[in-house]
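Step one of this worksheet: look at the structure below.
The values are calculated or read from the model by the stated rules, or taken from the named source; none is laboratory data. What you are looking at is a predicted structure, and each value in this text was computed from that prediction instead of being measured. Here the Cβ positions follow ideal geometry from the backbone for every residue, glycine too, while neighbour counts run over all protein chains shown.
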Amino acid sequence: MSLPRWFLGELIGTFLLVFFGCGSVCSAVLTGSLVGGFQVAIVWGMGIMLAIHLTSSLSGAHLNPAVTLALAVWQGFPKARILPYMLAQMVGAFLASAVLFWVYKDALTAYETAHQITRGAPGSEASAMIFGEFFPNPGGAPLTDLVRSRMSPLRAFMAEVIGTAALLFVISGLTDARNPNRPGLLTAASIGLTVILLICLLGPLTMACFNPARDLAPRLFSSLVGWGSVPFTANGLGWLTVYVIAPFLGGLIGAGLYRLSLQKAFQEVQ
(Lines give C-alpha, C1' and ligand atoms only; values in the text may rest on other atoms or scores of the structure.)
Protein backbone atom coordinates (compact mmCIF):
# COMPACT_ATOMS: atom_id res chain seq x y z
CA MET A 1 0.00 0.00 0.00
CA SER A 2 1.47 3.35 -1.03
CA LEU A 3 1.76 6.23 1.40
CA PRO A 4 -0.50 9.27 0.91
CA ARG A 5 1.41 11.95 -0.96
CA TRP A 6 1.02 14.41 1.92
CA PHE A 7 2.51 11.88 4.36
CA LEU A 8 5.40 11.27 1.99
CA GLY A 9 5.89 15.00 1.55
CA GLU A 10 6.11 15.66 5.28
CA LEU A 11 8.36 12.65 5.87
CA ILE A 12 10.83 13.54 3.10
CA GLY A 13 10.72 17.25 3.80
CA THR A 14 11.43 16.83 7.50
CA PHE A 15 14.11 14.26 6.70
CA LEU A 16 15.89 16.84 4.55
CA LEU A 17 15.43 19.59 7.14
CA VAL A 18 17.07 17.48 9.86
CA PHE A 19 19.67 15.95 7.54
CA PHE A 20 20.97 19.34 6.43
CA GLY A 21 20.35 21.13 9.74
CA CYS A 22 21.62 18.58 12.25
CA GLY A 23 24.26 17.65 9.70
CA SER A 24 25.61 21.18 9.96
CA VAL A 25 25.78 20.77 13.76
CA CYS A 26 27.59 17.43 13.34
CA SER A 27 30.08 19.05 11.00
CA ALA A 28 30.63 22.05 13.27
CA VAL A 29 31.05 20.11 16.52
CA LEU A 30 32.83 16.97 15.34
CA THR A 31 35.08 18.32 12.59
CA GLY A 32 35.27 22.07 13.17
CA SER A 33 34.65 22.67 9.48
CA LEU A 34 31.86 25.16 10.16
CA VAL A 35 33.03 28.02 12.34
CA GLY A 36 30.56 30.15 14.28
CA GLY A 37 26.80 30.13 14.54
CA PHE A 38 26.29 32.02 11.30
CA GLN A 39 27.72 29.27 9.13
CA VAL A 40 25.56 26.66 10.86
CA ALA A 41 22.53 28.95 10.48
CA ILE A 42 23.15 29.37 6.75
CA VAL A 43 23.09 25.61 6.20
CA TRP A 44 19.91 25.29 8.28
CA GLY A 45 18.18 28.04 6.29
CA MET A 46 19.21 26.67 2.92
CA GLY A 47 18.15 23.16 3.93
CA ILE A 48 14.71 24.43 4.93
CA MET A 49 14.40 26.36 1.67
CA LEU A 50 15.18 23.26 -0.41
CA ALA A 51 12.87 21.05 1.64
CA ILE A 52 9.99 23.50 1.16
CA HIS A 53 10.56 23.79 -2.59
CA LEU A 54 10.66 20.01 -2.96
CA THR A 55 7.60 19.08 -0.89
CA SER A 56 5.22 22.06 -0.72
CA SER A 57 3.11 20.79 -3.63
CA LEU A 58 2.61 17.47 -1.82
CA SER A 59 1.83 18.49 1.75
CA GLY A 60 2.14 22.24 2.08
CA ALA A 61 5.59 21.68 3.62
CA HIS A 62 4.73 22.15 7.27
CA LEU A 63 7.82 20.15 8.33
CA ASN A 64 7.16 21.19 11.92
CA PRO A 65 4.47 20.07 14.40
CA ALA A 66 4.22 23.65 15.71
CA VAL A 67 3.32 24.83 12.21
CA THR A 68 0.77 22.04 11.78
CA LEU A 69 -0.95 22.83 15.09
CA ALA A 70 -0.99 26.58 14.44
CA LEU A 71 -2.50 26.11 10.98
CA ALA A 72 -5.16 23.79 12.42
CA VAL A 73 -6.14 26.30 15.11
CA TRP A 74 -5.95 29.52 13.09
CA GLN A 75 -6.21 28.68 9.40
CA GLY A 76 -8.57 25.75 9.07
CA PHE A 77 -6.11 22.94 8.47
CA PRO A 78 -8.04 19.65 8.91
CA LYS A 79 -7.79 18.58 12.53
CA ALA A 80 -7.98 14.91 11.53
CA ARG A 81 -4.59 15.29 9.89
CA ILE A 82 -2.76 16.89 12.82
CA LEU A 83 -1.45 13.66 14.34
CA PRO A 84 -0.69 11.94 10.99
CA TYR A 85 1.30 14.99 9.89
CA MET A 86 3.20 15.00 13.17
CA LEU A 87 3.90 11.29 12.85
CA ALA A 88 5.33 11.79 9.36
CA GLN A 89 7.51 14.63 10.65
CA MET A 90 8.80 12.54 13.54
CA VAL A 91 9.59 9.57 11.30
CA GLY A 92 11.45 11.78 8.84
CA ALA A 93 13.50 13.40 11.60
CA PHE A 94 14.28 10.03 13.21
CA LEU A 95 15.46 8.53 9.90
CA ALA A 96 17.66 11.55 9.19
CA SER A 97 19.26 11.13 12.63
CA ALA A 98 20.03 7.49 11.88
CA VAL A 99 21.68 8.40 8.58
CA LEU A 100 23.76 11.14 10.19
CA PHE A 101 24.84 8.79 12.98
CA TRP A 102 26.09 6.28 10.43
CA VAL A 103 27.89 8.91 8.34
CA TYR A 104 29.58 10.64 11.31
CA LYS A 105 30.12 7.58 13.51
CA ASP A 106 33.92 7.50 13.15
CA ALA A 107 34.22 11.27 13.58
CA LEU A 108 31.99 11.07 16.66
CA THR A 109 34.07 8.32 18.24
CA ALA A 110 37.28 10.23 17.55
CA TYR A 111 35.81 13.42 19.03
CA GLU A 112 34.65 11.70 22.20
CA THR A 113 38.03 9.99 22.61
CA ALA A 114 39.96 13.22 22.09
CA HIS A 115 37.79 15.11 24.60
CA GLN A 116 37.49 12.25 27.11
CA ILE A 117 33.71 12.08 26.76
CA THR A 118 32.04 8.87 27.90
CA ARG A 119 28.83 8.50 25.98
CA GLY A 120 25.88 8.18 28.37
CA ALA A 121 27.79 9.56 31.34
CA PRO A 122 27.15 12.99 32.89
CA GLY A 123 28.69 15.61 30.65
CA SER A 124 28.12 13.67 27.44
CA GLU A 125 25.64 16.29 26.33
CA ALA A 126 28.83 17.69 24.82
CA SER A 127 28.44 15.17 22.01
CA ALA A 128 24.69 14.45 22.31
CA MET A 129 24.08 18.03 21.15
CA ILE A 130 24.62 16.91 17.56
CA PHE A 131 21.13 15.41 17.83
CA GLY A 132 18.97 16.87 20.60
CA GLU A 133 19.29 20.42 21.92
CA PHE A 134 20.40 21.78 25.28
CA PHE A 135 20.48 25.15 27.01
CA PRO A 136 22.63 27.04 27.06
CA ASN A 137 24.31 25.84 23.88
CA PRO A 138 27.06 23.44 25.11
CA GLY A 139 29.35 24.28 22.21
CA GLY A 140 30.77 20.76 22.27
CA ALA A 141 31.67 20.83 25.97
CA PRO A 142 29.95 19.58 29.15
CA LEU A 143 27.50 21.93 30.84
CA THR A 144 29.19 23.23 33.99
CA ASP A 145 27.48 25.27 36.70
CA LEU A 146 29.10 28.42 35.32
CA VAL A 147 27.86 27.72 31.80
CA ARG A 148 24.37 26.90 33.06
CA SER A 149 24.18 30.28 34.78
CA ARG A 150 24.07 31.93 31.36
CA MET A 151 20.52 30.75 30.67
CA SER A 152 17.86 29.90 33.23
CA PRO A 153 15.12 27.38 32.40
CA LEU A 154 12.49 30.14 32.41
CA ARG A 155 14.44 32.35 30.03
CA ALA A 156 15.16 29.36 27.79
CA PHE A 157 11.44 28.59 27.71
CA MET A 158 10.55 32.17 26.83
CA ALA A 159 13.28 32.37 24.19
CA GLU A 160 11.78 29.37 22.40
CA VAL A 161 8.25 30.76 22.74
CA ILE A 162 9.33 34.12 21.31
CA GLY A 163 11.44 32.60 18.54
CA THR A 164 8.69 30.24 17.38
CA ALA A 165 6.10 33.01 17.62
CA ALA A 166 8.24 35.21 15.39
CA LEU A 167 8.69 32.36 12.92
CA LEU A 168 4.95 31.60 12.68
CA PHE A 169 4.09 35.30 12.47
CA VAL A 170 6.39 35.65 9.46
CA ILE A 171 5.28 32.38 7.83
CA SER A 172 1.65 33.45 8.17
CA GLY A 173 2.36 36.74 6.46
CA LEU A 174 4.51 35.28 3.71
CA THR A 175 1.83 32.75 2.76
CA ASP A 176 -1.26 34.95 3.18
CA ALA A 177 -3.02 35.54 -0.14
CA ARG A 178 -4.35 38.83 1.27
CA ASN A 179 -0.81 40.20 1.59
CA PRO A 180 -0.14 42.19 -1.60
CA ASN A 181 3.61 41.99 -0.99
CA ARG A 182 3.89 38.26 -0.34
CA PRO A 183 7.07 36.97 -2.02
CA GLY A 184 5.53 34.24 -4.19
CA LEU A 185 8.35 32.13 -5.62
CA LEU A 186 10.68 33.54 -2.95
CA THR A 187 8.51 32.33 -0.08
CA ALA A 188 10.75 29.34 0.70
CA ALA A 189 13.86 31.52 0.60
CA SER A 190 12.20 34.11 2.85
CA ILE A 191 11.27 31.44 5.42
CA GLY A 192 14.82 30.08 5.27
CA LEU A 193 16.19 33.59 5.83
CA THR A 194 13.91 34.02 8.84
CA VAL A 195 15.27 30.81 10.36
CA ILE A 196 18.83 31.99 9.72
CA LEU A 197 18.16 35.23 11.57
CA LEU A 198 16.52 33.45 14.50
CA ILE A 199 19.33 30.92 14.83
CA CYS A 200 21.91 33.72 14.84
CA LEU A 201 20.00 35.43 17.65
CA LEU A 202 18.94 32.49 19.81
CA GLY A 203 21.26 29.66 18.80
CA PRO A 204 23.93 30.58 21.38
CA LEU A 205 21.27 30.41 24.11
CA THR A 206 18.97 27.46 23.36
CA MET A 207 20.39 26.08 20.09
CA ALA A 208 17.23 27.55 18.48
CA CYS A 209 14.73 24.72 18.17
CA PHE A 210 11.31 26.14 17.13
CA ASN A 211 10.37 22.64 15.96
CA PRO A 212 9.38 19.77 18.29
CA ALA A 213 10.04 17.08 15.66
CA ARG A 214 13.50 18.44 14.90
CA ASP A 215 14.42 18.06 18.56
CA LEU A 216 12.40 15.18 19.98
CA ALA A 217 13.03 12.57 17.26
CA PRO A 218 16.82 13.08 17.20
CA ARG A 219 16.81 13.20 21.01
CA LEU A 220 15.01 9.85 21.15
CA PHE A 221 17.44 8.41 18.62
CA SER A 222 20.46 9.58 20.61
CA SER A 223 19.05 7.98 23.75
CA LEU A 224 18.79 4.66 21.91
CA VAL A 225 22.34 4.66 20.53
CA GLY A 226 24.37 5.18 23.68
CA TRP A 227 23.50 8.41 25.44
CA GLY A 228 20.82 6.74 27.55
CA SER A 229 19.09 9.13 29.94
CA VAL A 230 21.45 12.07 29.37
CA PRO A 231 19.35 13.69 26.60
CA PHE A 232 16.39 13.70 29.01
CA THR A 233 18.17 14.67 32.23
CA ALA A 234 20.90 17.18 31.35
CA ASN A 235 18.36 20.02 31.43
CA GLY A 236 15.88 18.38 33.78
CA LEU A 237 12.41 18.70 32.25
CA GLY A 238 13.75 21.25 29.80
CA TRP A 239 13.60 18.69 27.00
CA LEU A 240 9.81 18.83 27.37
CA THR A 241 9.12 22.40 28.45
CA VAL A 242 11.70 24.25 26.34
CA TYR A 243 11.85 22.08 23.23
CA VAL A 244 8.31 20.68 22.94
CA ILE A 245 5.80 22.80 24.85
CA ALA A 246 7.43 26.18 24.14
CA PRO A 247 7.46 25.78 20.32
CA PHE A 248 3.83 24.65 20.31
CA LEU A 249 2.83 27.60 22.48
CA GLY A 250 4.94 30.05 20.50
CA GLY A 251 3.51 28.85 17.21
CA LEU A 252 -0.05 29.36 18.43
CA ILE A 253 0.80 32.83 19.72
CA GLY A 254 2.60 33.92 16.56
CA ALA A 255 -0.08 32.72 14.14
CA GLY A 256 -2.78 34.15 16.40
CA LEU A 257 -1.12 37.55 16.60
CA TYR A 258 -0.79 37.65 12.83
CA ARG A 259 -4.47 36.88 12.38
CA LEU A 260 -5.48 39.58 14.83
CA SER A 261 -3.14 42.24 13.43
CA LEU A 262 -1.82 42.16 9.88
CA GLN A 263 -4.36 39.72 8.46
CA LYS A 264 -7.16 41.87 9.83
CA ALA A 265 -5.49 44.98 8.41
CA PHE A 266 -5.13 43.40 4.96
CA GLN A 267 -8.82 42.44 5.01
CA GLU A 268 -9.79 46.02 5.80
CA VAL A 269 -7.66 47.34 2.93
CA GLN A 270 -9.38 45.00 0.49
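For first residues located in region 241-270 and at pLDDT 95 or above and crowded, with 17+ Cβ neighbours inside 10 Å, partners that are part of a helix (DSSP H, G or I) and of a type in the set (Asp, Glu) and lie 6+ apart or on another chain with Cβ distances below 8 Å form the pairs 242/160; 243/160; 243/215; 244/215; 246/160; 247/160; 250/160.
Answer yes or no as to whether residue 50 is modelled with pLDDT of 95 or more, more than 16 Å from residue 199 (Cβ to Cβ) and not hydroxyl-bearing (Ser, Thr, Tyr). Spelling it out, residue 50 is indeed modelled with pLDDT of 95 or more, more than 16 Å from residue 199 (Cβ to Cβ) and not hydroxyl-bearing (Ser, Thr, Tyr). Any idea which residue in region 156-212 is surrounded by the fewest Cβ atoms within 10 Å (Cβ to Cβ), counting only those that are without any contact (Cβ under 8 Å) to a residue 24 or more places away in the chain, among the small types (Gly, Ala, Ser) and in a helix (DSSP H, G or I)? Per the criteria, the residue is 184. Determine whether residue 61 is assigned to a helix (DSSP H, G or I), surrounded by 21 or more Cβ atoms within 10 Å (Cβ to Cβ) and in contact with a helix residue (DSSP H, G or I) (Cβ under 7 Å, 6 or more places away or on another chain). Here the answer is no, as residue 61 does not meet what is asked.
Put simply, of 11, 54, 34, 50 the only residue that is of a type in the set (A, V, I, L, M), farther than 14 Å from residue 211 by Cα and touching a Phe, Trp or Tyr at 6+ places or on another chain (Cβ under 8 Å) is 50.
When we screen 56, 27 for residues that are farther than 20 Å from residue 78 by Cβ and either surrounded by 19 or more Cβ atoms within 10 Å (Cβ to Cβ) or in contact (Cβ under 8 Å) with a residue 40 or more places away in the chain (or both), the only hit is 27.
Every listed requirement among (1) in a helix (DSSP H, G or I); (2) farther than 23 Å from residue 210 by Cβ; (3) in contact with a helix residue (DSSP H, G or I) (Cβ under 6 Å, 6 or more places away or on another chain) is met by residue 119 save one, (1). Contact annotation: residue pairs with Cβ atoms under 7 Å, 6 or more positions apart or on different chains, pairing a residue in region 128-149 that is surrounded by fewer than 24 Cβ atoms within 10 Å (Cβ to Cβ) with a partner that is aromatic (Phe, Trp, Tyr), are 143/134. Checked against the criterion of being within 24 Å of residue 43 (Cβ to Cβ) and not hydrophobic (A, V, I, L, M, F, W, C), the candidates 181, 211 yield just one match: 211. The set of residues in region 78-111 that are of a type outside the set (Ser, Thr, Tyr), outside any helix (DSSP H, G or I) and touching a residue at least 12 places away in the same chain (Cβ under 8 Å) is empty.
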